[in-house]
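What follows is a short report on a single structure.
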Amino acid sequence: LTSLIQTNAGSMNSAFAKTNITSADLSSLVFVVGNYSCAAIFNRCNNLSNVDLSTVSSISGSSAFKEAFIYCTSLSSLSFPSLCTVSGGSSIFNLMLNGCNGVTVHFPSNLQATIGNWSDVVNGFGGTNTTVLFDLVSSAPLTGANNTVYKRHAKFDTATSLAWWANYNYTTHY
């Protein structure tokens with residue numbers, strides 16, 4: 001898949017639907033742009049168990065991931081560690097996991113304020129027993145006064161300190 005996708009997903013709507021694909025390397029994908037751009041991309045790929053979305057930093061467009069993993073019954077986890085911006089309305093992830101059971105979805109903690117109350121997120125993207133966690137350290141820079149960018153101190157970038165912070169201050173999943 002890496003050779004088919006450079007940095008933008010124009011329209012991969014249903015691109016791999018109903019195939020026997022077991023793993024998808026989308027590590028070259030940086031921007032998902034456009035309405036329905038990745039909608040139903042892996043629709044009914046029953047054997048799909050691993051998807052690398054590690055470099056996706058921006059998703060924009062109505063229903064961009066609508067039903068993207070519908071009935072991917074072998075899928076147990078999705079992670080968006082580089083995701084910084086999400087725009088285009090609350091229907092971006094509409095029914096993304098419909099027909100899936102027990103999938104855990106990981107997002108950077110800084111996105112909780114943006115997407116944490118969206119009905120699709122709260123309802124587990126249409127899946128059953130879905131866990132949504134805002135447990136990843138944000139890859140976005142922290143911006144201070146006068147447009148000064150601050151780097152995080154290394155000791156606060158550990159999973160342990162983030163988990164403590166998240167559990168102490170607010171609920172991290174729905």
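The values are calculated or read from the model by the stated rules, or taken from the named source; none is laboratory data. Note that the structure is a prediction, hence the values are computed from the model and not measured. A quick note on method: Cβ atoms are made from the backbone with ideal geometry, for glycine too, and the neighbour counts reach across all protein chains shown. Only protein heavy atoms, including side chains, enter the accessible area calculation; ligands, DNA and RNA are left aside. Shrake-Rupley method; radii C 1.70, N 1.55, O 1.52, S 1.80 Å.
Structural remarks
- Selection from segment 63-82 of residues that are over 13 Å from C38 (Cβ atoms) and in contact (Cβ under 8 Å) with a residue 40 or more places away in the chain: S74, S79, P81, S82
- Qualifying positions in segment 36-60 - open to solvent by 10 Å² or more (accessible area, probe 1.4 Å) and within 15 Å of G89 (Cα to Cα): Y36, S58, S60
- Checking each residue in segment 79-94 for being of a type outside the set (S, T, Y) and either crowded, with 23+ Cβ neighbours inside 10 Å or in a loop (DSSP other than H, G, I, E, B) (or both) picks out F80, P81, L83, C84, G88, G89, I92, F93, N94.
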